[in-house]
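Structure, as structure tokens:
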Amino acid sequence: MGDPDERLLVEAAQRDSSKFADLYERHFEQVYAYVARRVRNRDVAEDLTAEVFHKALANLTRYEWRGAPFGAWLIRIAANAVADRSKQANREVLGADDMPDPVVEPDLDLIEHRARLFRLVAKLPGDQRTVIVERFVAERSIRDIAALLNKTEGAVKQLQFRALQTLRSRMEDRDA
């Protein structure tokens, strides 16, 4: 059980912390997708994701390979970070948008699905990627995106349609 290449990456990073960058690159999207789903605030999600990798690097020498994916260890750190943020938020009485969801066992399949979607969005042509990010991440209107890109609303709708078609097709194709 577990990816032998990943085990080698972990062991290399345990010997030389500069090798941790390979693990970071491999797992960033998965961890960010997990955190972003729970906190629903982009800035908080980015902060917590950075915190997860900082804690992982700081504790890497104590990590023991047990056959489970390294990503599962990172998700456990992320779950704890979200829980800690939730406790802190409850004490500070933050707004509802900043409050993390209660900690539940991570759904690794859903996390991987979202991470794959992030990777596929990153591979879209420039204007299509911009439309998808602005529309669904920044939650901007078609009109605002049209003004941003100096295009007609019809052109933005067409870019969105093509991008969604491409993403749907690639998500159905498991090898993409």
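No lab work stands behind these numbers, since they all come straight from the coordinates. Only a predicted model underlies this, so the values are computations on that prediction, with no experimental measurement involved. Note that each Cβ is placed from the backbone with ideal geometry, even for glycine, and that neighbours are counted across all protein chains shown.
What does a probe at LEU117 reach in the stretch 129-147, counting residues whose amide N is under 20 Å from the point 7 Å along Cα→Cβ?
129-142
Can you pick out the pairs among LYS19/LYS87; LYS55/LYS87; LYS19/LYS123 whose Cα atoms lie more than 22 Å from each other? Walk me through the numbers on the way to the answer.
Numbers: LYS19/LYS87 33 Å; LYS55/LYS87 18 Å; LYS19/LYS123 26 Å.
Beyond 22 Å: LYS19/LYS87; LYS19/LYS123.
When you take every Cα atom in the stretch 123-176, what is the radius of gyration, and what is Dmax, the widest Cα pair distance, in Å?
11.5, 36
Under 20 Å from a label point 7 Å along Cα→Cβ of ALA12: give me every residue in the stretch 29-73 with its amide N that close.
Within reach of a label on ALA12: 29-30, 53-54, 56-73.
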